[in-house]
Amino acid sequence: MSSNPINASISHAWRHQREHQAATAVPEFEKILKQDENNLDALYGMGLALRDSGNKEGAIQNFQRCLELVTAAAAARRPAKTGEDEHRTANTPEDDRFMMLTRMLQQRLDELKTGK
């Protein structure tokens, strides 16, 4: 674990979420997001904690914000388009992470919007 205090806070908040303590995880994620409003791990965790607390709209807002940031970060890593047929492949662990997060966020948003 990094000595970075925000990483320690994220670990702490995620532990509460994993232990089904969403009511405790929410304020922990809020503290992190006050320090770094664009922290992907905290936004995703906050979305899960809000969902588990019954705050569907708050969860959607956090997942949507996280998806916007992931989409922008992934787009910034792409080379300039050379044509309509350009295919994107993951070349680094960060690319893999963005692709995985995009899928997970879209799943969570679909689940919340459809109720399934």
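For the chain, the 222 nm mean residue ellipticity estimated from helices alone, with every DSSP H stretch of n ≥ 4 adding -39500 (n - 2.57) and the total spread over all residues, rounds to -24500 deg cm²/dmol.
Our coupling estimate for the stretch 34-47, obtained by passing each phi through the Karplus curve with A = 6.51, B = -1.76, C = 1.60 and θ = phi - 60°, is 5, 7, 8, 5, 10, 6, 4, 5, 6, 5, 5, x, 5, x Hz, Gly and Pro reported as x. The 3J(HN,Hα) values that the Karplus relation (6.51, -1.76, 1.60; θ = phi - 60°) gives for the stretch 6-18 are, in residue order, 5, 5, 5, 5, 5, 4, 5, 5, 5, 4, 4, 5, 4 Hz. Gly and Pro appear as x. Taking the chain as a Gaussian network of alpha-carbon nodes connected by springs under 10 Å, the highest mean-square fluctuation of the residues ARG77, ARG97, ARG15 belongs to ARG77. Label points 7 Å out from Cα along the Cβ direction at ASN91 and ASN4: separation in nm? Going from the ASN91 label point to the ASN4 one covers 2.3 nm.
A short reminder: the numbers here are calculations on the coordinates, not readings from a lab. Computed from a predicted model, the values in this text were never measured in an experiment. Ideal geometry is used to build each Cβ from the backbone, glycine not excepted, and the neighbour counts take in all protein chains shown.
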